[in-house]
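J.: My questions all concern the structure below.
Quick note: the coordinates plus some simple rules give every number you see, no bench work behind them. In this text, all values refer to a predicted model and were calculated from it rather than measured experimentally. Cβ atoms come from the backbone with ideal geometry, glycine included; neighbour counts cover every protein chain shown.
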């Protein structure tokens, strides 16, 4: 009964377009009262503060700040120019540039929406100037941003590492292979579309131009190298590596003379707002997780579901379908915070590696970025390009073919996710 009230109130408030933070808070308080804990509502702020102050989450504000600082010093234009020099002469050239630039920028932003906001305006403007349709430019900008949550440093993977009690370094390494696989699948599909549509072409860049853009753009790619190098070498924790990355980007901005006080204040302000939102959701979700543990909801599911689903693969399939459907209406962070505490006992019962499960879950969640009716990425690019929302959706739908294929590969071939963490850190 408590579970029905908890999720019923939450989903009802979401349907009424109540802010996620408020929906979780109201649902938890209502379920606590129903469960007979009305006299102990102080547990909600206590659990929220306890979760938000967890050491592993300290890396989030520094990763967010590093991404905002990279946007502030103007490296997005440099990254786009470097990607354009490398693959702009390919068939569907600027579509391929869009994907490669997302891979490069992902190492600095750590979030898909930051990728769209940072690169989206540059990419869409360049593609429209070359003659691409606004709807297609918007569509490839959205789907290429799906790479961002996999390439370190990844804020969503930090959140999952906290929820699943696994190593941040292991999750970062596990995300590299899937992220590159997503990028490769999109580039192959772009090449396929180029045989069926008349995309604009451009000349191959000279070696001199490639070298010039490499020098200009390579400095921006050092930040993710600092983060991964610091973590894997043991010199720094994830949080300390984030601090080092921020310091490097500030130094780079000073050298390039592109970091102004106004831009710095804006980056700090956006970091505080984004981090506050993430921490509030995590805090209230922790209260919800505590209530579910008290009511033994995850344990009851762990006992019941194995009798209905025979194999780990079928369990993963059920999770993927459920998350894809939920992702049409609820943002990925909220889904992760709600489902991971419930699903972890089942993951262990099916002997699925938690790191592998986290990658499959993240791929299922991030597709919601481009899924109507509430895909946040769709609304961002619609605002950037001015293209009608329904036209963008029509242009996005074909890209679900390669993306769903990648999701199936990740679910059935754990080695794609586990090879690098097992190679560098040893098997768990």
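J.: Taking R0 as 60 Å, what's the FRET efficiency between residue 215 and residue 16 from their Cβ-Cβ distance, rounded to 0.05? Could you put the intermediate results ahead of the total?
T.: Working: r = 53 Å, r/R0 = 0.88.
Efficiency, rounded to the nearest 0.05: 0.70.
J.: Given the DSSP H assignment, sum -39500 (n - 2.57) over each helix run of at least 4 residues in the chain and divide by its residue total; what's the result at 222 nm in deg cm²/dmol, nearest 500?
T.: On the way: 22 runs with 322 residues, N = 428.
Helices in the chain give a 222 nm mean residue ellipticity of -24500 deg cm²/dmol.
J.: Would you list 160, 192 from fewest to most Cβ contacts within 10 Å?
T.: Numbers: 160 26, 192 15.
Fewest-to-most Cβ neighbours within 10 Å comes out as 192, 160.
J.: What ranking do 331, 310 get, fewest neighbouring Cβ atoms within 10 angstrom at the top? Don't jump to the answer; show the numbers that get you there.
T.: Values: 331 19, 310 10.
Fewest to most other Cβ atoms nearby, the residues stand as 310, 331.
J.: Same structure again: Against the longest alpha carbon principal axis of the chain, how many degrees, from 0 to 90 and to the nearest 10, is the axis of helix 20-34 turned?
T.: 10
J.: Could you check the spin-label model distance between residue 273 and residue 46? Points 7 Å from the Cα along Cα→Cβ, value in nm.
T.: 3.5
J.: Moving to a separate point now. Under the 0.36 nm per residue contour assumption, what length would be gained going from the current alpha-carbon distance of residue 222 and residue 89 to full extension? Intermediate results must be reported in sequence, preceding the final value.
T.: Working: separation 133, 0.36 × 133 = 47.88 nm, distance 2.59 nm.
That pair, residue 222 and residue 89, stretches by 45.3 nm at full extension.
J.: Let me ask something else. Before anything else, pin down the relative contact order of the chain: Cα pairs under 8 Å, at least 6 apart, normalised by residue count, whole percent.
T.: About 24 percent, as a whole number.
J.: Stretch residue 328-residue 310 to full length: gain in nm at 0.36 nm per residue minus the Cα-Cα span?
T.: Numbers: separation 18, 0.36 × 18 = 6.48 nm, distance 2.76 nm.
So the chain would gain 3.7 nm between residue 328 and residue 310.
J.: Report the calculated FRET efficiency for residue 349 and residue 409 (r = Cβ-Cβ distance, R0 = 22 Å), to the nearest 0.05.
T.: 0.35
J.: Separation between the residue 247 and residue 262 pseudo-spin-labels, each 7 Å from Cα along Cα→Cβ, expressed in nm?
T.: Placing both labels 7 Å beyond Cα along the Cβ direction yields 3.0 nm.
J.: Is the C-alpha gyration tensor of segment 1-41 telling us rounded, prolate or oblate? Criteria: a/c under 1.5 is rounded; beyond that, a/b larger than b/c is prolate, otherwise oblate.
T.: Details: a/c = 3.87, a/b = 1.68, b/c = 2.30.
Judged from the Cα gyration tensor, segment 1-41 comes out oblate (a/c at least 1.5, b/c at or above a/b).
J.: Can you give the FRET efficiency for residue 35 and residue 425, using 1/(1 + (r/R0)^6), R0 = 51 Å, r = Cβ-Cβ distance, to the nearest 0.05? Intermediate results must be reported in sequence, preceding the final value.
T.: Working: r = 41 Å, r/R0 = 0.80.
That pair, residue 35 with residue 425, gives E of 0.80.
J.: Angle between the Cα long axis of helix 312-326 and the longest principal axis of the chain, 0 to 90 degrees, nearest 10?
T.: The answer is roughly 80 degrees.
J.: So what's the angle, to the nearest 10 degrees on a 0 to 90 scale, between helix 376-385 and the longest Cα principal axis of the chain?
T.: 30
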